[in-house]
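Visitor: Dropping the structure in here first, questions after.
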């Protein structure tokens, strides 16, 4: 019985796969990146508190970096994650600028300023939530792209 030769396209695919594997594993600086280490998420200006899908344990260190533009008032126009004009008393965080990016831990956590970048420690376990600092969301538009890095809390051995 005579063996049939593989079609040229199969040889081409096998060669390409081998070349990709060599290029991928040949890099001396390569390190795996875990999904929980860096996460990119979009925050919409017209939505209430939005879960990032990042669940933090108490003591975890997190860094949030944001970029983008959104509008929280037709009068103010577009602004970045650091906000625009002073907030009014009805805003979720009235002591920071309106239109800024803010966050909280879980559904009942205290709000905190995020802006362009913030680093903090989770005071309690829960999902990281983000939103725009505004009270009327119906006239808002735009998005922020956020990158979230998490460093788990150190585990202390039990005695």
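The values are calculated or read from the model by the stated rules, or taken from the named source; none is laboratory data. Keep in mind it's a predicted model, so treat the numbers as computed, not measured. Heads up, the Cβs are rebuilt from the backbone with ideal geometry, glycines too, and the neighbour counts pull from every protein chain shown.
Visitor: Return the residues of the stretch 62-92 that are surrounded by 18 or more Cβ atoms within 10 Å (Cβ to Cβ) and within 16 Å of residue 45 (Cα to Cα); say none if nothing qualifies.
Guide: Once the filter is applied, which keeps residues that are surrounded by 18 or more Cβ atoms within 10 Å (Cβ to Cβ) and within 16 Å of residue 45 (Cα to Cα), the stretch 62-92 yields 66, 70, 71, 72, 79, 80, 81, 83, 84, 87, 91.
Visitor: Working only within the stretch 109-123, note down all residues that are farther than 14 Å from residue 61 by Cβ and in a loop (DSSP other than H, G, I, E, B).
Guide: 109, 110, 111, 114, 115, 116
Visitor: So which residues in the stretch 93-108 are assigned to a loop (DSSP other than H, G, I, E, B) and either touching a strand residue (DSSP E or B) at 6+ places or on another chain (Cβ under 6 Å) or under 18 Å from residue 122 (Cβ atoms) (or both), if there are any at all?
Guide: 93, 96, 99, 106, 107, 108
Visitor: Quickly run through the stretch 81-92 and pick out the residues that are in a loop (DSSP other than H, G, I, E, B) and free of Cβ contacts under 8 Å to residues at least 40 places away in the same chain.
Guide: 82, 84, 85, 89
Visitor: Moving on. List, please: which pairs have Cβ atoms under 9 Å, are six or more places apart or on different chains, and start with a residue in the stretch 65-79 that is at positive phi and without any contact (Cβ under 8 Å) to a residue 40 or more places away in the chain and end with one that is in a strand (DSSP E or B) and surrounded by 17 or more Cβ atoms within 10 Å (Cβ to Cβ)?
Guide: From the stretch 65-79, the pairs are 77/71.
Visitor: When you check residue 122 against the structure, is it at pLDDT below 95, more than 20 Å from residue 67 (Cα to Cα) and crowded, with 19+ Cβ neighbours inside 10 Å, yes or no?
Guide: Considered against the rule, which asks whether it is at pLDDT below 95, more than 20 Å from residue 67 (Cα to Cα) and crowded, with 19+ Cβ neighbours inside 10 Å, residue 122 comes out as yes.
Visitor: Kindly indicate whether residue 19 is at pLDDT below 75, out of contact with any strand residue (DSSP E or B) (no Cβ under 8 Å at 6 or more places or on another chain) and surrounded by 11 or more Cβ atoms within 10 Å (Cβ to Cβ).
Guide: No: the conditions fail for residue 19.
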